[in-house]
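One structure is given below, encoded as structure tokens.
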Amino acid sequence: MTERNIQVEPIDRRAVEDQDIEIVERKGIGHPDSICDGIAEAVSSELSQLYLDRVGKVLHYNTDETQLVAGNSNPRFGGGELVEPIYILLVGRATKEYEGTKIPTDTVALDAAREYLNENIPELDVGRDVIIDVKLGEGSGDLQDVFSEEGATVPMANDTSFGVGHAPLSETEEIVLNAEHRLNGEFAADHPALGPDVKIMGKRERDTIDVTVAAAMVDKYVESRGEYDAMVEAVRDYVHQVANEYTDRDVNVYVNTADDDESIYLTTTGTSAEMGDDGSVGRGNRANGLITPNRSMSMEATSGKNPVNHIGKIYNLLSTKIAETVVAEVDGIRDMRVRLLSQIGRPIDEPHVADAHVVTEEGVELSDIEADIVELVDEELANVSTITKRAIDGDVTTF
């Protein structure tokens, strides 16, 4: 059995749920930053599959530098138009030739980006409203050597870096995360006027939760200001309904608070990327889908990084999974933070340290559950390769 450096100690703060002020944000799938995250991860998954099909293993690449330059539009009731297209640049590194085999990385990247946009931003005409460019350079030779460690049963870390995860989600976090998911799911299916660019900010001040929603409306489904106002009210009522499923606290919901008599959040494509809002990978949601200033966060972008040995991806996903698993299986934990630190060239299942910080429920001593925590952390580290497979298969969410 591998001896791993797993440390367990009390957390250095009150549980988030017990703090007086909590702030939580989520940028929905149509937000320009999330568009970049989604495209980068789609390209990553397709490149992994391409390498597996062509050479039998995933080669060195990273596609976590996707950039979006906003376009310009002229929205109006009943249907407007884009007057200047959105520009998306796929940037990163990829192995384009291996043992004499040329690999069409750029073509596959372009196809993956187009497919992602068609599926997730349906009002955006990819052949007309957006220009997609690709500039994938060759990878660093040094990092390729680390990446393709011959004979290693577990890949070596590509960097000295860390990932952070936590569990369980607070009530405010549950509201923010699920309200966006469900607005862009079941609600949007019945209300096509709602675009995918839904940004939600939650603020809990003791026992009152304020939820502020910025919801882009699609102009061709809205014929008048009256219809627009009715949609805003429908979004407000729906978010309030979702919130009440997760909390008994008082909840106030505010939608499109910048609206006035002259200006409303009306778009042609359902995303603010059409009207001056640029985007970039890693500038939005963390690996658990939220932006949580009350908790520790890694600044690493998770989307687009290779899933074999890139710590910026693997340890952020794994630390979240570890925290969720431990909280689900060990009684008496009120709040948990997991930090995983790598060391370049070291096997990814042997972090430099795996650090579990815990707030226990009243009456529970950390010493009573420490052994169970260590055992579960050890098991998850031993099975780190499952993160790689799930990422390649598209079974994990990176933003």
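The values are calculated or read from the model by the stated rules, or taken from the named source; none is laboratory data. Computed from a predicted model, the values in this text were never measured in an experiment. Glycine also receives a Cβ, built like all others from the backbone with ideal geometry; neighbour counts cover every protein chain displayed. All accessible areas refer to the heavy atoms of the entire protein, side chains included, with ligands and DNA or RNA removed. Shrake-Rupley method; radii C 1.70, N 1.55, O 1.52, S 1.80 Å.
Amide H to amide H distances under 5 Å link Asp335 with Val359, where only residues 5 or more positions off or on other chains count and H is placed in the peptide plane.
Adding -39500 (n - 2.57) for every DSSP H run of four residues or longer, then dividing by how many residues the chain holds, sets the calculated 222 nm ellipticity at -10000 deg cm²/dmol.
Mean silhouette area of the chain, derived from the convex hull of its C-alpha atoms and averaged over all directions, reads 20.1 nm². Computed from phi, the 3J(HN,Hα) profile of region 96-109 under the Karplus parametrisation 6.51, -1.76, 1.60 (θ = phi - 60°) reads 9, 8, 9, 6, x, 9, 7, 10, x, 4, 5, 4, 5, 4 Hz, with x in place of Gly and Pro. From the Kirkwood radius over Cα pairs of region 151-223, Stokes-Einstein at 37 °C and 0.692 mPa s returns a whole-number translational diffusion coefficient of 210 µm²/s. With the largest listed first and rounded to whole Å, the semi-axes of the equivalent ellipsoid of region 1-120 from the Cα gyration tensor are 34, 32, 10.
Taking only the C-alpha atoms of region 55-113, Rg followed by Dmax gives 17.5, 57 Å.
With θ taken as phi - 60° and the Karplus curve 6.51 cos²θ - 1.76 cosθ + 1.60 applied, the whole-hertz 3J(HN,Hα) list for region 219-226 is 4, 5, 9, 10, 8, 7, 5, x Hz, x standing for glycine and proline. Rounded to two decimals, the Cα radius of gyration of region 344-390 over 2.2 N^0.38 Å is 1.43.
Based only on Cα atoms, what Rg/Rh ratio does region 268-399 have, Rh being taken as Kirkwood's radius?
Value, to two decimals: 1.04.
Listed values for region 80-88 are Karplus-derived 3J(HN,Hα) couplings in whole Hz (6.51 cos²θ - 1.76 cosθ + 1.60, θ = phi - 60°), namely x, 7, 7, 9, 8, x, 6, 10, 10, and x replaces Gly and Pro. As an exercise, use a Förster radius of 30 Å and the Cβ-Cβ distance of Arg4 and Glu99 to find the FRET efficiency, rounded to the nearest 0.05. Once the sixth-power term is evaluated, E becomes 0.30. In whole percent, what relative contact order does the chain give with Cα contacts below 8 Å and a gap of six or more residues? In percent, rounded to a whole number, it is 29. For the pair His352 and Asp106, a Förster radius of 30 Å applied to the C-beta separation gives a FRET efficiency near 0.25, rounded to the nearest 0.05.
Diffusion of region 216-298 by Stokes-Einstein, at 25 °C in a medium of 0.890 mPa s and with Rh set to the Kirkwood radius over alpha-carbon pairs, works out to 158 µm²/s.
When the surface is traced with a 1.4 Å probe over the full set of protein chains, Phe162 keeps roughly 90 Å² accessible.
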